[in-house]
Amino acid sequence: MLTLKPLTANTKPSFLHSLTPFRPKTQTLTKPFKPHSNPAIQSVLQWNRKPELAGETPRVVVITSGKGGVGKTTTTANVGLSLARLGFSVVSVDADVGLRNLDLLLGLENRVNYTLVEVMNGDCRLDQALVRDKRWSNFELLCISKPRSKLPLGFGGKALVWLVESLKSRQEGCPHFILIDCPAGIDAGFITAITPANEAVLVTTPDITSLRDADRVVGLLECDGIRDIKMIVNRVRTDMIKGEDMMSVLDVQEMLGLALLGVIPEDTEVIRSTNRGYPLVLNKPPTLAGLAFEQAAWRLVEQDSMKAVMVEEEPKKRGFFSFFGV
């Protein structure tokens, strides 16, 4: 017969003797924290830092295309203000004689009292001709001439070279970037605009007429000694590319053989911002085209480029009833 004996205070069950009290183990980190090695995460996190300026200052960049109406002035306004928002001092020069439009896109048309022609004639000082943007004080605009005016015979590329040297030695300090909005065509105005530049941004659209002119301009830039040439493909429509009604960015890059600085999608907000004199990059919330201009400005600062790739879509799975058109 089994009997139960009560446990005393000094006795413990036999199975408790084999158990040890739980003590959590603490470990100290001896290795320093390393950033994530995933390139996709690094590409997202890089926009939280300020880009590092590459090259010697001032960097004189001419924005050209050869063909008119492809978006040179829009690119100059939005890239220039994007650079100013990144903390760099920028001077934008509208080199289109008699047909200036950069002041309209920036909303500064009522503040342009003097131009570079008056500075060269001794009618005013250079700081009086520079128009400072009220939104970003490190952005300035300079127009070569007034609308519907002609340049004097002695005005040429040497005048812009003198301008660059004067901006280098001014008391306020040398600007980081001098952006030159080049006129359309390859005549004297084009030669004048590219003379002081040491790098170029070629704006083109994915159509054969723009690409023919762009290829001709690339040859002229290389003959002038400008080797650092990057391109921006503007007004890209993915729906037309999928329907094979428009050349892809990869096709454009293979035809011109240039480094790709940015791809700007077709955006109806461009017309609204132009009529309001309010650049795209200042819109809140930002548009797709505005974000593309900001990324292009980032790459311009670090002398970086992007790469176009071809994405092949998987063919749609066809079931049994697809034979009947279902």
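Just to be sure before I move on: is LYS230 in contact with a Cys (Cβ under 9 Å, 6 or more places away or on another chain) and either under 30 Å from ARG125 (Cα atoms) or open to solvent by less than 60 Å² (accessible area, probe 1.4 Å) (or both) in the structure I sent?
Values: in contact with a Cys (Cβ under 9 Å, 6 or more places away or on another chain): no; either under 30 Å from ARG125 (Cα atoms) or open to solvent by less than 60 Å² (accessible area, probe 1.4 Å) (or both): yes.
Taking the combined requirement at face value, the residue does not satisfy it.
Mind checking which residues of the range 59-99 are open to solvent by 10 Å² or more (accessible area, probe 1.4 Å), closer than 18 Å to GLY277 by Cβ and among the small types (Gly, Ala, Ser)?
Hit for the range 59-99 is GLY71, nothing else.
Given (1) within 16 Å of CYS182 (Cα to Cα); (2) out of contact with any Asp or Glu (no Cβ under 8 Å at 6 or more places or on another chain); (3) at pLDDT 95 or above, identify the lone condition not met by LEU83.
Every listed condition holds for LEU83 apart from (1).
Does GLU222 count as more than 21 Å from PHE88 (Cα to Cα), modelled with pLDDT of 95 or more and open to solvent by 20 Å² or more (accessible area, probe 1.4 Å)?
Values: more than 21 Å from PHE88 (Cα to Cα): yes; modelled with pLDDT of 95 or more: yes; open to solvent by 20 Å² or more (accessible area, probe 1.4 Å): yes.
Yes.
Quick one: which helices (runs of 4 or more DSSP H) sit completely within the range 154-271 and have at least 2 residues that are free of Cβ contacts under 8 Å to residues at least 40 places away in the same chain? Spell out the reasoning first.
On the way: elements: 157-168, 188-194, 208-223, 238-242, 249-256.
In the range 154-271, 157-168, 188-194, 208-223, 238-242 are the helices (runs of 4 or more DSSP H) which contain 2 or more residues that are free of Cβ contacts under 8 Å to residues at least 40 places away in the same chain.
For the range 275-298, which positions are among the polar types (S, T, N, Q) and in a helix (DSSP H, G or I)? Please lay out each step first, then the result.
So the first thing to find is which residues in the range 275-298 are among the polar types (S, T, N, Q), and the list is 275, 283, 287, 295.
Within the range 275-298, ASN275, GLN295 qualify.
Based on this model, can you work out whether VAL309 counts as at pLDDT below 90, out of contact with any Phe, Trp or Tyr (no Cβ under 6 Å at 6 or more places or on another chain), within 27 Å of ALA200 (Cβ to Cβ) and surrounded by fewer than 10 Cβ atoms within 10 Å (Cβ to Cβ)? Steps first, please.
On the way: at pLDDT below 90: yes; out of contact with any Phe, Trp or Tyr (no Cβ under 6 Å at 6 or more places or on another chain): yes; within 27 Å of ALA200 (Cβ to Cβ): yes; surrounded by fewer than 10 Cβ atoms within 10 Å (Cβ to Cβ): yes.
Criteria met by VAL309.
State all residues of the range 269-281 that are surrounded by 16 or more Cβ atoms within 10 Å (Cβ to Cβ) and of a type in the set (A, V, I, L, M); if no residue qualifies, say none.
Within the range 269-281, VAL270, LEU280, VAL281 qualify.
If VAL252 meets every condition in (1) closer than 24 Å to ASN198 by Cα; (2) in contact with a Lys or Arg (Cβ under 9 Å, 6 or more places away or on another chain); (3) buried (at least 18 other Cβ atoms within 10 Å of the Cβ) apart from one, which number is that one?
(2)
Keeping to the range 100-136, report how many residues are surrounded by fewer than 17 Cβ atoms within 10 Å (Cβ to Cβ), of a type in the set (A, V, I, L, M, F, W, C) and free of Cβ contacts under 8 Å to residues at least 24 places away in the same chain.
1
The values are calculated or read from the model by the stated rules, or taken from the named source; none is laboratory data. Fair warning: this is a prediction, and the values are worked out from it, not measured in the lab. Using ideal geometry, Cβ is built from the backbone for each residue, glycine included, and neighbour counts are taken over all protein chains shown. Keep in mind that these areas ignore ligands, DNA and RNA; they rest on the heavy atoms of the full protein, side chains included. Shrake-Rupley method; radii C 1.70, N 1.55, O 1.52, S 1.80 Å.
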